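One structure is given here, and the rest of the page talks about it.
No lab work stands behind these numbers, since they all come straight from the coordinates. The structure presented is a predicted model; accordingly, all values stated were derived computationally and were not measured. Here the Cβ positions follow ideal geometry from the backbone for every residue, glycine too, while neighbour counts run over all protein chains shown.
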């Protein structure tokens, strides 16, 4: 019981960290950024990446470890699979901004770098998809999608 509570709490905190870091990245993004600003964004993006990895690990433990709800509760629920697919898609979308931030953060701190429009759209799409996941989680919590 205690393990489940700790894991669910960690899962929840990671969700907040992911949302906070993505919103921060989006708010700090401009058409041109100095390398200093790109370095700051890469650090925020690192928080995002770490939170996403911890979230995935904790989620997999809750799913496959049988802690709390049985594994079949998740495995046989199509809403869970949509939720997991969206999470993976968000992760894939995050690769482009991450690579851009890392590749362009080194050098003269005052040098201005043009930010491709694709970076803006990747972050916006990530945020949009992220908005859908809590709805799916709420549906699952109410037993919608379960075979029973």
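List the residues of segment 61-79 whose backbone N lies under 13 Å from a point placed 7 Å from the Cα of residue 3 along the Cα-to-Cβ direction.
Zone members listed by number: 61-69.
Cα-based Rg of the chain per 2.2 N^0.38 Å, rounded to two decimals?
Numbers: Rg = 17.6 Å, N = 148, 2.2 N^0.38 = 14.7 Å.
After normalising by residue count via 2.2 N^0.38 Å, the value is 1.20.
Tell me the angle of helix 117-141 to the major Cα principal axis of the chain, expressed in degrees between 0 and 90 and rounded to the nearest ten.
The angle comes out near 20 degrees.
Taking other Cβ within 10 Å of each residue's Cβ, how do 108, 72, 45, 39 sort, fewest first? Spell out each step's value before the answer.
Values: 108 9, 72 12, 45 23, 39 17.
Sorted ascending by nearby Cβ count, the order is 108, 72, 39, 45.
How far apart, in nanometres, would the label points at residue 102 and residue 147 be if each is projected 7 angstrom from Cα along the Cα-to-Cβ direction?
4.0
At a threshold of 8 angstrom on Cα-Cα distance, excluding pairs fewer than six apart, so keeping six or more, what relative contact order does the chain reach in percent?
Values: 151 pairs, mean separation 52.0, N = 148.
Here the relative contact order equals 35 percent.
Expressed in nm to one decimal, what extension gain is obtained for the pair residue 50 and residue 12 from 0.36 nm per residue of sequence separation less their Cα-Cα distance? The partial results should precede the final answer.
Numbers: separation 38, 0.36 × 38 = 13.68 nm, distance 1.40 nm.
So the chain would gain 12.3 nm between residue 50 and residue 12.
Please give the helix 35-64 orientation as an angle from the longest Cα principal axis of the chain, in degrees from 0 to 90, rounded to the nearest 10.
10
What is the gain in length, in nm to one decimal, between residue 111 and residue 95 on full extension, counting 0.36 nm per residue of separation less the C-alpha to C-alpha distance? Provide the component values of the computation, followed by the final result.
Details: separation 16, 0.36 × 16 = 5.76 nm, distance 2.35 nm.
Difference between extended and current length: 3.4 nm.
Residue separation times 0.36 nm, minus the C-alpha to C-alpha distance between residue 129 and residue 76: what's the value? Display every interim value, and only then the final one.
Values: separation 53, 0.36 × 53 = 19.08 nm, distance 2.24 nm.
Separation in residues times 0.36 nm, less the Cα-Cα distance, equals 16.8 nm.
Tell me the angle of helix 2-28 to the major Cα principal axis of the chain, expressed in degrees between 0 and 90 and rounded to the nearest ten.
The angle comes out near 30 degrees.
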